[in-house]
Every structure is written in structure tokens, then in C-alpha cells.
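Worksheet: the structure to be examined is printed underneath.
All of the numbers you see were taken from the coordinates with simple rules; none came from a lab. What you are looking at is a predicted structure, and each value in this text was computed from that prediction instead of being measured. Positions of Cβ are generated from backbone atoms using ideal geometry, with glycine treated the same way; all protein chains shown enter the neighbour counts.
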Amino acid sequence: QVQLVESGGGLVQPGGSLRLSCAASGSISSAVVMAWHRQAPGKQRELVGFITRSGSTNYVDSVRGRFTISRDNAKSTVFLQMNSLKPEDTAVYYCYADIGGAQYWGQGTQVTVSS
């Protein structure tokens, strides 16, 4: 069983930056995919982006060029660097991992972009 704990959320002004972290209780080196999702009020949860075991990344169009996902296998941590934040990025951000065929979710961290 792996537990995922997100941190780094908060309130930021439009145009600002935040870096989210997702710390896993176990090793993530074997994770096929690790991803970030988000859910805005009244909306369905959506995929933000993911990183594969080989380090390949992909993002939803709305964040491509502004967000970057990286992983540190030695620290069992995945990061989401968010730049040029917009009010529409406001959401609860969730970490996800596919490890050994099992799916794990974190509890989420709130990101609010507002002036």
C-alpha cells in the first residue's frame, strides 16, 4: 500500500507561480505513470499532466507551456511546477500513481489564483 501526500498549495495572484509536491510513502521508481489531476468547484476532475517511468511527460492543452511535471525517484516525490497561473487554474490538485497495476490517489491540495 502506497500513500500519496500533496503539499505546496495556497493562494497566489494571477501570473504567479506555485510548486506542488507529492510525496509517496513507498518507492515510485516502478510507477508506470504518475500524474496530476485537478477538480474545480462544480466541475469534473480532469487530468493536468503525467510523467512516465522513462520520464516522458504530456499535458492538457490548457496548461502546456506553463506547467512542468518532474519526478525524483530517490526521494519518492513528484513535482508540479506551475507558472503564469490564471484564475481558471483554481482547483483542488490531486496526485495519482499507477504502481504495480494498483492506482493510488492523494488527498488533494487547494490552489487558488486570485487578486
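Could you calculate the FRET efficiency of Ser27 with Leu47 from 1/(1 + (r/R0)^6), where r is the beta carbon distance between them and R0 is 30 Å, rounded to 0.05?
Details: r = 23 Å, r/R0 = 0.78.
In this case the efficiency is close to 0.80.
Using a 10 angstrom cutoff on alpha carbons, build the Gaussian network for the chain and name the most mobile of Gly15, Gly65, Gly101.
In this elastic network of the chain, the residue with the biggest mean-square fluctuation among Gly15, Gly65, Gly101 is Gly101.
Give me the number: length gained by fully extending Gln39 to Trp105, i.e. 0.36 nm times residue separation minus the C-alpha to C-alpha distance, one decimal in nm.
Values: separation 66, 0.36 × 66 = 23.76 nm, distance 1.32 nm.
Here the segment from Gln39 to Trp105 would lengthen by 22.4 nm.
What is the dipole size for the chain, taken about its Cα centre, with +1 at each Lys and Arg Cβ and -1 at each Asp and Glu Cβ, in debye to the nearest 20?
Working: 10 positive and 7 negative charges, 21 e Å.
Dipole size: approximately 100 debye.
Could you work out how far apart the two model spin labels at Arg66 and Ser84 are, taking each label as a point 7 Å from the Cα in the direction of the beta carbon, and quote it in nm?
So the label points at Arg66 and Ser84 sit 0.8 nm apart.
What is the extension gain from Leu11 to Asn58, computed as 0.36 nm multiplied by their sequence separation minus the C-alpha to C-alpha distance, in nm to one decimal?
Working: separation 47, 0.36 × 47 = 16.92 nm, distance 2.56 nm.
Gain on extension, Leu11 to Asn58, equals 14.4 nm.
Once phi is turned into ³J(HN,Hα) by the Karplus curve 6.51 cos²θ - 1.76 cosθ + 1.60 with θ = phi - 60°, what whole-Hz value does each residue of region 8-19 show in order, with x for glycine and proline?
Once θ is set to phi - 60°, the couplings for region 8-19 become x, x, x, 9, 9, 6, x, x, x, 10, 9, 10 Hz.
For region 11-115, which trypsin sites (Lys or Arg not before Pro) pass both filters: DSSP loop (anything but H, G, I, E, B) and at most 13 other C-beta atoms within 10 Å? Don't jump to the answer; show the numbers that get you there.
Working: sites: Arg19, Arg38, Lys43, Arg45, Arg53, Arg64, Arg66, Arg71, Lys75; in loops: Lys43, Arg45, Arg53, Arg64, Arg66.
Those satisfying the criteria are Lys43, Arg64.
With θ taken as phi - 60° and the coefficients 6.51, -1.76 and 1.60, list the Karplus ³J(HN,Hα) couplings across region 92-104 in order, rounded to whole Hz; mark glycine and proline as x.
For region 92-104, the Karplus-derived couplings read 8, 9, 10, 8, 9, 9, 10, 10, x, x, 9, 9, 10 Hz, x marking Gly and Pro.
Quick check: from the Cα gyration tensor, does the chain come out rounded (a/c under 1.5), prolate or oblate? Don't skip to the answer; put the middle values down first.
Working: a/c = 1.83, a/b = 1.69, b/c = 1.09.
It comes out prolate by the Cα gyration axes.
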